[in-house]
Amino acid sequence: MTTETPKTSLRFVITDCDFGSFEIERSELHDFATLSVAQCTNEGQVIEAASDADALIVQYAPITEKVIRSLRSCKVISRYGVGIDMINLAAASRRGIYVCNVPDYCQEEVSDHACALILALARKLKPLYRSVQQGEWDVRIARPIARLAGEHLGLLGFGKVARLVARKMRGFGMAISTFDPYVARGAFENESVTAVDFQQILEQSNILSLHLPLTPETRHILGAKELQKLKKGAFLINTSRGQLIDENALLEALEGGWLGGAALDVTEHEPISVKHPFLGFENVIITPHAAFYSETSIEELRRQTIRAAVKVLKGESKGAGDTYCVVNQEEIESGAVRPRSVPS
């Protein structure tokens, strides 16, 4: 573990991360707190590193109920990322510990990646490139290729990333529909997208792109029955969560020739095995959970993660440019739990 020379009584602990240096985090902290960095992989290591921390900054380390019980002075846990499944949110809320994430930091990147996967599948770039590598120069190996203009793009889920995908793909002349029962109708109209039900989006889509959170309701939302409802030859895109798709059912749909192809930035188990049968298909593209990444998105993530913890400890509100979220703020404050007073 590395620790800065103390300048204040407050202590921030980064439990783990895969960034090489911490100048960004230190520039956000200034002299507000000391910063310690560990690389914890289990709850025992987290307890040893962070039991006296005022703020935890977490990437992958498990913040279990046992860990939370061990935290003597922690007031905020801030996550490098969107998902918070590695944090026991209920236990944190019971202790009055605020949990923060940065849900919007990579919207442009994920939507760009989804569009890139759509185009790569539709234009059959993988088999075309492979044929050139093998000394061939013949477009016929990729037949048939459909014109994108006039094809039907279905967006399963219509959050911020899906809306960006709709805007970007509209320029290709595609008809776009979506299914999301939790979005107000005005949002569909504002984006010139047709709202349909679940069965309709399966049956209408030439290309189906997934933009859903992983919940008990959405786990394996696409299984054998649902995949068979897709048009024969349809393409499936997933830049959300691997567990949205039953991969055994997807494998059967690909082996049977029902689907035209799949492009996945996420899989049920990561990293995917080099022996996974998906890797043997010319019409399957796998990228290594890379949709979130750009240098800009990573800097934003790191700054917002630290800023969230600092502002919670200071009792300050979000600023106009802040993209972090205090996930359990309403729950805690409805019970009159407040951050302890700290120097500004």
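Where a number appears in this text, it was derived from the coordinates with a stated rule and is not lab data. In this text the structure is predicted, and so the values were computed from the model without any measurement. We place every Cβ from the backbone using ideal geometry, glycine too, and count neighbours over all the protein chains shown.
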Linear extension gain, THR296 paired with TRP137, 0.36 nm per residue minus alpha-carbon span: 53.4 nm
Counting sequence-distant residues (5 or more places) and residues on other chains, those with an amide H built under 5 Å from that of ILE57 are VAL13, ILE14, THR15, SER78
Of the listed peptides 277-290, 68-81, what is their order by residue-averaged count of other C-beta atoms within 10 Å, with the highest listed first? 68-81, 277-290
Cα centroids of region 218-241 and region 134-184: how far apart, whole angstrom? 14
Could you list, bin by bin from short to long, the percent of Cα-Cα pairs of region 107-286 in 5 Å steps? 1, 8, 17, 22, 22, 16, 8, 4, 1, 0, 0
Quote the relative contact order of the chain in percent (integer), defining contacts as alpha-carbon pairs under 8 Å separated by 6+ residues. 18
Percent of Cα pairs exceeding the 27 Å cut-off, where the set is the chain: 52
Gain in span if fully extended, GLU270 to ALA149, counting 0.36 nm per residue against the direct Cα distance: 40.1 nm
Placed amide H near ILE237: partners under 5 Å, 5+ positions off or other chain: LEU208, SER209, LEU210, ALA263
Highest mean first, what order results for 242-250, 321-329 on Cβ atoms within 10 Å? 242-250, 321-329
Which of rounded, prolate or oblate describes region 1-154 when judged by the alpha-carbon gyration tensor and an a/c cut-off of 1.5? prolate
Dipole moment magnitude, nearest 20 debye, the chain about Cα centre, only Lys, Arg, Asp, Glu C-beta charged: 380
Neighbourhood charge, 11 Å Cβ-Cβ cut-off, centred on SER131 and excluding it, Lys, Arg +1 and Asp, Glu -1: +1
What helices in the chain pass both tests, a Cα length along the helix axis of 18 Å or more and a mean Kyte hydropathy of 0.5 or higher, using whole DSSP H runs? 107-122
Once a ≥ b ≥ c are taken as the square roots of the eigenvalues of the Cα gyration tensor of region 222-317, is the result rounded (a/c under 1.5), prolate (a/b larger than b/c) or oblate (a/b not larger than b/c)? prolate
Full-extension gain in nm, GLN228 to ASN248, via 0.36 nm per residue minus C-alpha separation: 5.9 nm
For GLU268, GLU217, ascending order of other Cβ atoms within 10 Å (fewest first) is GLU217, GLU268
